[in-house]
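Each remark here refers to the structure printed beneath this line.
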Amino acid sequence: MFRRSFLALPLAAAAQAPWAPTRPIRLIIAFPPGGSTDVLGRLIAPLLSAALGQPVVPENRTGAAGAVGSGFVAAAAPDGHTILLDSGGHAVNPYLMRGLGFDYVTGFAPITLLATLPLVLVARGESGITTLPELLTRARAEPATYGSVGVGSRTHLAGALLLRRAGIAGTHVPYRGGADQITAQLRGETLFGFSSVALTAALLREGRLRALGVSSPAPALALPDIAPVAAQGFTGFSMMDWLALHAPAGTPEPVVARLAQAAVAAMAEPAIQLRLADLGLQPEAHGPAALASLLAEERAAMAALIAAEGIRLD
């Protein structure tokens with residue numbers, strides 16, 4: 001799944017003269033206001049506007065785990081004036097949804113990854129579980145229930161992948177959102193779960209939750225002392241959400257390159273990086289080639305896991 005080798009790829013410079021937009025750019029955000037995708041889009045929009053010389057206007061088009069906004073951009077003119085900010089569901093939805101009306105693989109031109117969102121594996125503080133091996137021992141002895149924010153979400157897939165790698169049968173319990181997932185876990189309804197750093201940070205400090213690992217290949221910036229699951233006997237384990245920019249397929253390379261250049265520069269701003277740290281997001285912007293490589297690997301991994309687990313939305 002997500003590996004740091006992608007993040008070392010350089011941003012290729014366009015050989016032609018830089019493209020410039022001739023009218024405002026619509027930044028389609030595929031998720032509702034207030035979430036990390038929306039916050040990131042509204043943080044970088046002013047910087048993109050300044051760099052590109054035209055207003056970049058955020059616009060939420062939500063629904064179907066990002067598919068509504070994605071479909072809108074896939075059908076837009078490939079001229080750089082309509083772009084998409086979407087999450088890691090971009091590599092999951094094709095294997096969960098039918099009748100989309102567009103193809104996630106062929107419908108977009110990758111611009112750049114913006115940030116990754118490591119997940120933290122947590123157990124209830126009162127459970128007495130303090131390590132990942134203790135969790136797995138408990139999971140083999142009692143119902144291995146785990147919560148998530150919904151079927152096909154990264155929190156769901158991370159739990160499924162962990163149990164599959166450990167050879168343990170478990171029961172997935174989807175909730176309406178991250179707050180509901182964590183509240184249920186604190187009540188003892190589920191044994192464990194993967195969640196965002198931002199949502200769990202205060203509960204971890206209070207001892208009401210205990211962090212057992214992170215889903216990223218390397219330690220998360222926000223939890224540097226918590227070992228990755230991959231370093232605890234599950235080599236190669238990786239399951240992170242991520243946020244990226246896409247243009248409609250057929251957008252000329254110089255246009256994509258200019259948009260990527262502006263986005264990479266925006267993500268390098270110290271003020272942006274400080275704000276993202278509060279959200280548990282790690283800046284990772286490296287241009288079109290890196291995002292294309294990430295998408296290819298993610299799609300292969302997600303397709304295999306979803307098929308093996310028999311996950312369906314209908």
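Read-outs: derived from the displayed coordinates by stated rules, not from any lab. Small disclaimer: the values here were computed from a predicted structure and weren't measured. Cβ atoms come from the backbone with ideal geometry, glycine included; neighbour counts cover every protein chain shown.
Backbone amide hydrogens, once placed in the peptide plane, bring D86 within less than 5 Å of A244, H246, excluding anything fewer than 5 places away on its chain.
Counting only DSSP beta bridges with both residues in the chain, what percent are antiparallel, rounded to the nearest 5? Provide the component values of the computation, followed by the final result.
Working: 25 of 41 bridges.
Just about 60 percent of them are antiparallel.
3J(HN,Hα) along the range 138-146, derived from phi through the Karplus expression 6.51 cos²θ - 1.76 cosθ + 1.60 where θ = phi - 60°, amounts to 5, 5, 7, 9, 9, x, 8, 8, 9 Hz, with x in place of Gly and Pro. Calculated on the alpha-carbon coordinates, the convex hull of the chain measures out at 118 cubic angstrom per residue. By the count of neighbouring beta-carbon atoms within 10 Å, fewest first, M302, M97 end up ordered M97, M302. Taking θ as phi - 60° and the Karplus parameters 6.51, -1.76 and 1.60, the scalar couplings of the range 39-44 work out to 4, 5, x, 6, 6, 8 Hz in sequence order, x denoting glycine and proline.
Counting only C-alpha contacts under 8 Å and six or more residues apart, can you give the relative contact order of the range 55-109 as a whole percent?
Value for the range 55-109: 33 percent.
To the nearest 10 degrees, how steep is helix 270-279 against the longest Cα principal axis of the chain, on a 0 to 90 scale? So the inclination is approximately 30 degrees. Taking every alpha-carbon pair in the range 179-289 and binning the separations at 10 Å intervals from zero gives 12, 33, 30, 18, 7, 0 percent.
Can you sort Y95, Y104 by how many other beta carbons sit within 10 Å, fewest first?
Numbers: Y95 18, Y104 24.
By the 10 Å Cβ count, ascending, the order reads Y95, Y104.
Once the Kirkwood radius over Cα pairs is known for the range 119-231, the Stokes-Einstein relation at 37 °C and 0.692 mPa s delivers a diffusion coefficient of 242 µm²/s. Taking a Cβ cut-off of under 10 Å around S215, the surrounding Lys, Arg, Asp and Glu residues balance to a net charge of 0, with basic ones at +1 and acidic ones at -1.
Counted by Cβ distance under 12 Å from A65, the other residues give a net charge of -1, where Lys and Arg count +1 and Asp and Glu count -1. Around I29, what is the net charge, scoring Lys/Arg as +1 and Asp/Glu as -1 over all other residues with Cβ under 14 Å from its Cβ? Taking every other residue near I29 into account, the sum is 0. Amide H contacts for A249 (H built 1.01 Å from N in the peptide plane; partners 5 or more residues away or on another chain; cut-off under 5 Å): F108, A109. All C-alpha pair distances within the range 237-293, sorted into 5 Å bins from zero, spread as 4, 16, 24, 24, 16, 10, 5, 0 percent across the bins. Eigenvalues of the alpha-carbon gyration tensor of the range 27-85, scaled by 5 and square-rooted, set the equivalent ellipsoid semi-axes at 19, 16, 6 angstrom, largest first.
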